[in-house]
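Some notes on the structure that comes next.
All of the numbers you see were taken from the coordinates with simple rules; none came from a lab. Keep in mind it's a predicted model, so treat the numbers as computed, not measured. Cβ coordinates were reconstructed from backbone atoms using ideal geometry, including for glycine residues, and neighbour counts include every protein chain displayed.
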Amino acid sequence: MTPFSILIVDDNEDDRYILKRQLRDSKLPISKVFEACDGVNAVDFFEDSKQHAAMSDEVYPPKFIFLDINMPLMGGFEFLRVFEGVVKKLSLDSIIIVMFSSSEREQDRKMALSHSQVKGYFIKGAYGVECLTEQLTLMADSNS
């Protein structure tokens with residue numbers, strides 16, 4: 001697998017830290033981890049193309065977005081709706097979105113997976129590094 005970057009969108013700093021540690025421990029070829037504290041900042045991340053003009057292809061755009069559901073300003077489901085327009089405008093259809101939530105509700109999982117770019121649904125604290133590595137590898141391989 002070639003090096004890639006990740007964007008974590010979560011309002012909880014502790015959850016972002018834990019996920020970054022798990023990603024580092026996964027030994028996947030992650031070149032950069034970006035962070036956004038809500039959906040508004042995540043949309044801004046993609047729409048500010050000047051910020052990313054000098055980045056190499058292995059850094060931008062991120063291969064994966066880890067997206068929380070419940071966040072202030074713009075939650076995960078609202079982000080998914082807005083991001084569909086961003087994807088079309090900026091040709092970002094190769095990005096894989098993984099929901100990263102504490103919600104165990106089947107309704108949330110189904111709603112998330114109904115979006116074409118959402119390829120996984122991880123419940124915070126319910127998986128380990130090995131599972132994370134395996135699932136991301138499978139998602140990346142099937143999206144190639």
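When only the Cβ of Lys, Arg, Asp and Glu is charged (+1, +1, -1, -1), the dipole of region 4-142 relative to its Cα centre reaches about 260 debye. Using a Gaussian network model of the chain in which every pair of alpha carbons under 10 angstrom is joined by a spring, one finds that among SER56, SER116, SER101 the greatest mean-square fluctuation is at SER56.
For the residue pairs LYS32/LYS110; LYS89/LYS119; LYS27/LYS119, the alpha carbons lie more than 23 Å apart in LYS32/LYS110.
Labels on offer are (i) 40; (ii) 28; (iii) 33, and the one holding percent of Cα pairs over 23 Å apart computed from this structure is (ii). Between amide H atoms placed 1.01 Å from N, distances below 5 Å from ASP38 occur with ASP10, all of them 5 or more places distant or on a separate chain.
Over the chain, Cα pairs under 8 Å with separation of 6+ residues give a relative contact order of 25 percent. On the beta carbon distance between ASP57 and ARG81, with R0 = 25 Å, the FRET formula returns roughly 0.35. Sorted ascending by nearby beta carbons within 10 Å, beginning with the fewest, LEU138, LEU132 become LEU138, LEU132. Net length available on complete extension from ALA126 to ASP25 is 34.7 nm, with 0.36 nm assigned per residue and the Cα-Cα distance removed. Across region 34-45, coupling constants 3J(HN,Hα) worked out from phi with the 6.51/-1.76/1.60 Karplus curve, θ = phi - 60°, read 8, 9, 9, 8, 6, x, 4, 5, 5, 4, 4, 4 Hz, and Gly and Pro carry x. Find out how many positive minus negative residues lie around SER102, taking Lys and Arg as positive, Asp and Glu as negative, among other residues whose Cβ is under 13 Å from that of SER102. Residues close to SER102 contribute a combined charge of -4.
Fully extending the segment from LEU138 to ASP14, taken as 0.36 nm per residue of separation minus the present Cα-Cα distance, adds 42.0 nm.
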